[in-house]
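What follows is one structure encoded as structure tokens, with my remarks underneath.
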Amino acid sequence: MRTTLSTPPAIPTGTLSASRQPVLSAAGELVLRPWEAADAPAFLAAYLDPEIQHWHTRQPASEEQVHEWFEQYRQAWAQETGASWAVTRGGGEVLGRMAMGSLNLDDGVAGCAYWVLPAARGAGVASRALAALSTWALGEAGFHRLHLDHSTRNHASCRVAVKAGFPLEGTKRSDAIHSDGRHDMHLHARIRGDELPA
């Protein structure tokens, strides 16, 4: 039996998948683009970094598996369940990853996640890329709220979120498992109409 919504969906089904996943521009000549097969070595190498290993418990084991992940990303866009971008310098060199998941088109809500390669840290790459993603998502794409979480011990990720206009909303106690056990998680969010910090 088909259910009926009491309110219209914030984003009608088919709105995102009707077009290709967009290429997004960020300040400082950053370009967010869909992952390409040639990015597999850089993607796999990222998960050799101890920081990324610590904060991201799901890790690819081979380039072959990376290609499988890239295919899952393409399918997620087509099914309107998620999106993943390579954060690049001018569309070429991979600097990091920006992703949206847990897409709820009815409510117009999605989660965000990111990592940046060690050589690109400390230059505002993640915050600029997150700001560009949220500008598109809360504007053209039609979402109303974006959220993200990170360990309360991950101070760098906290700075990225706040700098990109995602204020801290609260703490989720013992909410996630990392390599050293359970962590409390900070919850940040940005909604349509929020201003970017000066």
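For the reader, a short list of remarks on this structure follows.
- Entry note, the chain: relative contact order of 19 percent, from Cα contacts under 8 Å with a spacing of 6+ residues.
- Taking every DSSP helix (H) stretch of at least 4 residues in the chain, weighting each as -39,500 (n - 2.57) and dividing the sum by the residue count yields a mean residue ellipticity at 222 nm of -8000 deg cm²/dmol.
- Each Lys and Arg adds +1 at its Cβ and each Asp and Glu adds -1 at its Cβ; summed about the Cα centre, the range 24-191 shows a dipole of about 620 debye.
- For the chain, a Kirkwood hydrodynamic radius built from all Cα pairs, placed in the Stokes-Einstein relation at 25 °C and 0.890 mPa s, yields a translational diffusion coefficient of 141 µm²/s.
- Put simply, when 122-129, 75-82 are sorted by average Cβ atoms within 10 angstrom per residue, most first, you get 122-129, 75-82.
- Peptide packing: for 104-116, 15-27, the average count of neighbouring Cβ atoms within 10 Å per residue gives the ranking 104-116, 15-27, highest mean first.
- Part-to-part distance (alpha-carbon centres) for the range 79-106 and the range 7-46, which is given in Å: 4 Å
- Taking every Cα-Cα distance in the range 1-80 and sorting them into 5 Å bins starting at zero, the pair-distance distribution P(r) comes out as 3, 12, 15, 16, 18, 14, 9, 7, 5, 2, 0 percent.
- Binning the C-alpha pair distances of the range 146-198 at 5 Å intervals from 0 yields a P(r) profile of 5, 22, 29, 21, 13, 7, 3, 1 %, listed from the shortest bin outward.
- Calculated from the alpha-carbon coordinates, the range 34-108 shows an Rg and a Dmax of 13.0, 38 Å respectively.
- Extended-chain gain in nm, criterion 0.36 nm per residue less alpha-carbon gap, ASP107 and THR152: 13.5 nm
- Three principal axis extents describe the C-alpha atoms of the range 88-137; from largest down they are 39, 18, 16 Å.
- Projecting the Cα positions of ALA99, GLY139, ALA40 onto the charge dipole of the range 24-191 (unit charges on Cβ atoms of Lys, Arg, Asp and Glu, taken about the Cα centre) puts GLY139 furthest along the positive direction.
- Furthest towards positive pole of dipole, TRP69, SER19, PRO167, structure part the chain, Cβ charges: PRO167
- Full extension of the chain between LEU187 and ARG89 gives 32.4 nm of extra length, using 0.36 nm per residue less the Cα-Cα distance.
- Cβ-derived FRET efficiency at R0 25 Å, HIS54 paired with SER174, nearest 0.05: 0.90
- Screening the chain for DSSP H helices whose Cα atoms reach 18 Å or more along their own axis and whose mean Kyte hydropathy is at least 0.5 gives 125-138.
Each value in this text was obtained by applying a stated rule to the coordinates, not by laboratory testing. Bear in mind that the values here come from a model prediction, so they are computed numbers and not experimental data. Methodologically, a virtual Cβ is constructed for each residue, glycine included, from the backbone with ideal geometry; neighbour enumeration extends over all protein chains shown.
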